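In what follows, a single structure is set out as structure tokens and then discussed.
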Amino acid sequence: MNAKPIVITGSGGMLGSDLALYLSEKELVLPFKHSDLDITNPDMVRRMLEKIRPAVLINAAAYTNVDGAERERDKALLLNVEGPEILAELCAVYGTKLVHFSTDYVFNGQSTRPWEETDTPCPPQPNYYAETKLAGEVAVQTIANHLILRVQWLFGEKKDRFTILKGKESFTPFRDQFGAPQWTREIARIIHELLKRDARGLFHFAYDDYASWAEVYEFVKEELALPVKLSPVQSEDVLLPAKRPTFGVLSNKKLLSFLGWKKMGSWKDPLREFLILKTQTALSKRESTQPLPVSQFQ
Ligand SMILES: NC(=O)c1ccc[n+]([C@@H]2O[C@H](COP(=O)([O-])OP(=O)(O)OC[C@H]3O[C@@H](n4cnc5c(N)ncnc54)[C@H](OP(=O)(O)O)[C@@H]3O)[C@@H](O)[C@H]2O)c1
């Protein structure tokens with residue numbers, strides 16, 4: 001696709017590592033872990049861009065501890081807003097396309113239809129993580145050549161939400177939070193499709209169907225034939241520092257139309273594939289094909 005490389009920041013994270021793994025099979029990719037490149041250090045970012053001159057920088061670095069953000073506000077602000085500000089400013093200077101990720105949490109969940117890109121964001125209160133992610137979007141939008149993909153309920157090899165069910169006698173998923181689990185490998189595939197078409201602007205990633213967390217865990221329980229007893233709860237029954245949206249379902253209309261696809265499929269298919277791969281430990285074998293990490297950039 002590009003003769004110039006694609007840089008990935010935060011490549012040690014859940015999404016970053018799958019982006020690096022997937023894209024490096026198709027493109028020239030330079031993945032930077034936090035220890036290689038700090039996105040909140042403008043000098044480091046500038047030196048990297050000056051030397052590499054990438055066509056695209058995909059930022060997978062973020063502060064993602066949703067409840068932690070209520071007490072670590074400075075950290076969340078630094079990483080989710082100031083980091084993207086630095087990346088946007090410098091990517092504009094070096095003519096690099098900036099790809100960034102945001103979340104369904106920019107919406108408060110008070111809707112009866114899937115959220116569209118044109119809907120006005122309204123983060124739940126309190127949810128400082130969501131506020132910083134929204135401000136990060138605004139920062140990225142200052143550079144004309146940007147792509148923002150809002151995703152939700154990510155799972156992947158690095159942070160597997162589901163094998164925790166194994167060995168548990170009981171589990172209490174939320175019955176009133178709706179969305180869909182999304183495999184980070186799928187997000188990498190979609191990003192590649194969007195990059196091939198030079199997509200710009202804001203897109204939502206979503207499947208054609210959705211479910212509650214309770215239904216998702218019921219599906220996992222059945223797929224893995226686990227004896228765990230699921231006892232669904234209401235969000236209000238569990239006191240968490242940050243409020244989650246109840247209806248976080250995203251619309252995929254714009255994405256499908258842009259890609260020229262008729263459907264995205266069901267969230268169940270990639271999740272089933274992930275569970276099978278996990279069971280067969282095939283994923284851990286894939287690790288061996290992971291691209292070599294870039295040595296500390298000076
Ligand atoms: N997880 C979800 O369910 C979810 C849902 C919606 C949207 N998203 C969005 O998707 C994106 C990826 O999320 P994720 O779950 O993959 O995150 P993650 O697993 O928490 O990874 C974040 C990565 O950022 C790195 N990092 C931290 N500070 C950094 C810095 N100053 N410079 C460079 N890298 C730094 C971290 O490295 P260290 O750990 O070494 O510090 C970590 O590898 C984020 O934008 C997130 O907001 C995630």
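Relative to the present Cα-Cα distance, how much length would full extension add between E169 and E116 at 0.36 nm per residue of separation?
Details: separation 53, 0.36 × 53 = 19.08 nm, distance 3.89 nm.
Full extension from E169 to E116 adds 15.2 nm.
Just from its helices, what would the mean residue ellipticity at 222 nm be for the chain, if runs of 4 or more DSSP H residues each count -39500 (n - 2.57) and the sum is divided by every residue, rounded to the nearest 500 deg cm²/dmol? Please report the intermediate quantities before stating the final value.
On the way: 10 runs with 99 residues, N = 298.
Calculated from helices alone, the mean residue ellipticity at 222 nm is -9500 deg cm²/dmol.
Lys and Arg at +1, Asp and Glu at -1: add these up for the other residues within a Cβ distance under 13 Å of P227 and post the number. Show your work: numbers first, answer last.
Working: positive: K166, K168, K221, K229; negative: E169, E222.
For residues surrounding P227, the net value is +2.
Add +1 for every Lys or Arg and -1 for every Asp or Glu among the other residues with Cβ under 11 Å from the Cβ of G260, and state the total. Could the numbers behind the result be given before it?
Values: positive: R197, K262; negative: E193.
So the surrounding residues net to +1.
Hey, any idea what % of the chain's accessible area is carbon plus sulfur with a 1.4 Å probe?
Numbers: 6840 of 13350 Å².
So the carbon and sulfur contribution to the accessible surface is 51 percent.
Given the C-alpha centroids of the stretch 11-87 and the stretch 195-259, what is the distance between them in whole angstrom?
Their Cα centres are 24 Å away from one another.
Taking the dipole about the Cα centre of the chain, with the C-beta of Lys and Arg at +1 and of Asp and Glu at -1, give me whichever of L30, I187, T9 is farthest to the positive side.
With unit charges placed on the Cβ atoms, the residue in question is L30.
Which parts of the stretch 184-206 would a label at K158 reach, counting a residue when its backbone N lies under 17 Å from a point 7 Å out along Cα-to-Cβ?
Zone members listed by number: 184-192.
Rounding to the nearest 10 and keeping the result within 0 to 90°, find how far the Cα-based axis of helix 42-52 lies from the longest principal axis of the chain.
Taking the Cα atoms of the chain, the angle to 42-52 is about 70 degrees.
At 1.4 Å probe size, with every protein chain present, just tell me what the per residue accessible area of the chain comes to in Å². List each step's numbers first, then the result.
Details: 13350 Å² over 298 residues.
Counting only protein heavy atoms, the per-residue value for the chain is 45 Å².
Counting other Cβ atoms within 10 Å, keep those with at most 12, restrict to DSSP loop, and tell me which trypsin sites (Lys or Arg not before Pro) in the stretch 18-82 are left. Mind dumping the intermediate values first?
Details: sites: K26, K33, R46, R47, K51, R71, R73, K75; in loops: K26, K33, R71.
Sparse-neighbourhood loop trypsin sites (Lys or Arg not before Pro): R71.
Taking R0 as 35 Å, what's the FRET efficiency between E50 and K254 from their Cβ-Cβ distance, rounded to 0.05? Walk me through the intermediate numbers first.
Values: r = 35 Å, r/R0 = 1.00.
So, using R0 = 35 Å, E works out to roughly 0.50.
So which of K133/K166; K133/K253; K26/K262; K159/K229; K26/K158; K26/K51 end up more than 26 Å apart, counting from Cα to Cα? Working shown, then result.
Details: K133/K166 32 Å; K133/K253 22 Å; K26/K262 24 Å; K159/K229 22 Å; K26/K158 21 Å; K26/K51 22 Å.
K133/K166, as the Cα separations exceed 26 Å there.
The values are calculated or read from the model by the stated rules, or taken from the named source; none is laboratory data. Since the structure is predicted, the reported quantities are computational estimates derived from the model, not experimental observations. Please note: Cβ atoms are built from the backbone with ideal geometry, for glycine as well, and neighbour counts cover all protein chains shown. Keep in mind that these areas ignore ligands, DNA and RNA; they rest on the heavy atoms of the full protein, side chains included. Shrake-Rupley method; radii C 1.70, N 1.55, O 1.52, S 1.80 Å.
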